[in-house]
1. Mind ranking 56-63, 131-138 by how tightly packed they are, going by the mean number of other C-beta atoms within 10 angstrom, highest first?
2. When Rg and Dmax of the Cα atoms in Å is calculated directly from the model, which label among (1) 15.2, 45; (2) 15.6, 59; (3) 13.5, 39 fits?
3. Taking the highest mean first, how do the peptides 21-27, 82-88 order by number of other beta carbon atoms within 10 angstrom per residue?
4. In deg cm²/dmol and to the nearest 500, what is the mean residue ellipticity at 222 nm of the chain if only DSSP H runs of at least 4 residues count, each as -39500 (n - 2.57), divided by the residue total?
5. Most fluctuating residue of LEU20, LEU70, LEU121 in a GNM of the chain with Cα springs under 10 Å: which is it?
Amino acid sequence: MESINKRIIDFINEHHVLTLATSNNNLPYCANCFYAYDNEKNKLIFTSDDNTKHISDIKNNNIIAGSIVLETKTVGKIQGIQFNGIISKPQDDYKKTANKLYLKRFPYAILKNTKLWIVDLTFIKMTDNRLGFGKKLIWNKK
């Protein structure tokens, strides 16, 4: 796997809410989810109930898009990422790792009975105006 620019990793780790975009029968849908990031595996980890619209959608089409953004009105500080990935339930040994990473970030989640999901990132584009207006950093999984 091609290494990911440290600015992208740092940005993902500094935030905790992603917007997840799904599609089913050509009908798009967005949901906001708390997430943890696995730096080693380049996966986003989130929880969601099986009966949500976005999880129902991914059961038919698990290829998704999403974003993580910094809210600011200052043009020179604009930062955000757009990503593509594949959602699945964590399997075997990784399930324990994903659960540990998520609960480390959100310890109160232990009280809620939700399912764990992972996004295997396949593409990331970061816009970082601190590097110059409209500067893009791009990563592709090969």
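No value in this document is a laboratory result; all are computed from the given coordinates. Source: prediction; values computed, not measured. Please note: Cβ atoms are built from the backbone with ideal geometry, for glycine as well, and neighbour counts cover all protein chains shown.
1. 56-63, 131-138
2. Given (1) 15.2, 45; (2) 15.6, 59; (3) 13.5, 39, the structure-derived one carries the label (1).
3. Sorting 21-27, 82-88 by mean packing, highest first, produces 82-88, 21-27.
4. Counting only the DSSP helices, I get -6500 deg cm²/dmol.
5. The residue that fluctuates most here is LEU70.
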